Amino acid sequence: MEAAYGMVQGQQNSSGDWTYPIRVASVDADIQDCLDDGIILVGAAGNGSHKIDVPGGADYDNYFVDTVFGNSYYHRGSTPSSQPGVICVGNISYVYEGGLEPLFNSSEKGPRLDISAPGGGIQSCIPAGTGSGTSYPLDPAFEIGKKSGTSMASPQVAGVLATIMEMRPTYTPADCLAWLQEVGETGRLYDPTTGTPGT
């Protein structure tokens, strides 16, 4: 499917099937209601290595026909993070490439990403008994370990916005995004899938 339909670096699940982001119209509608009420939402872009385009973008309407679900649009991103108005966060690595911060290969990418944040090797909680973490020093019933992904990056952006909202409580979702884009650095992102710096 990848070569036939132009999917960019899509990932396969354990059954060998290609995965793609899915939108859920009813949830997108609920998210829009929240945005209309001024709630600031920050979402993890996803870790499927897909391109996410913006409505009206060159690849936004790319689709393949699924025999069960009909047209499947694979460059529209996933619910909830790709709904217009949600701050969509990709993740960058903890290593440098020529002084630039690489976008994690698994991170979603493309015009819909609003911002990228550190999301590699972040200390997090791990389900106890899985063997993938270490015992939490203050309570051995819990485990901790390093995790990577957009779910590690988006809370950092949410935390930064929580602190700015204390000083600027009237900010709207659009104000928050504009502030992030104003203070965020550009020209430091290295996309290893293309080998070129991004913004």
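A short reminder: the numbers here are calculations on the coordinates, not readings from a lab. From a predicted model like this one, the values you see are computed outputs, not experimental measurements. Backbone-built Cβ (ideal geometry, glycine too); neighbour counts: all protein chains shown.
Numbers for the structure displayed
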| item | result |
| --- | --- |
| Relative contact order (%) - the chain, alpha-carbon pairs under 8 angstrom, separation at least six | 20 percent |
| Semi-axes of the equivalent ellipsoid for the chain, Cα gyration tensor, largest first, Å | 26, 24, 19 |
| Anisotropy class of segment 36-139 from Cα gyration tensor, a/c 1.5 cut | prolate |
| Difference of contour (0.36 nm per residue) and Cα-Cα distance, VAL65 to THR170 | 33.4 nm |
| Radius 12 Å from Cβ of ILE126, net charge of other residues (Lys, Arg +1; Asp, Glu -1) | +1 |
| Residue-averaged [θ]222 nm for the chain, counting only DSSP H segments that reach four residues, each worth -39500 (n - 2.57) | -7000 deg cm²/dmol |
| Per-peptide average of other Cβ atoms within 10 Å, ordering 135-142, 23-30, 97-104 highest first | 97-104, 23-30, 135-142 |
| Rounded Å value of the spacing that divides the Cα centres of segment 91-137 and segment 41-76 | 22 Å |
| Ordering of 117-124, 156-163 by burial proxy (mean other Cβ atoms within 10 Å per residue, highest first) | 117-124, 156-163 |
| Rel. contact order, % - alpha carbon contacts under 8 angstrom, at least six apart, segment 90-183 | 27 percent |
| Segment 89-199: C-alpha gyration tensor shape, a/c 1.5 cut-off, then a/b vs b/c | oblate |
| Mean separation of Cα contacts under 8 Å, 6 or more apart, over the residue count of segment 62-113: relative contact order % | 23 percent |
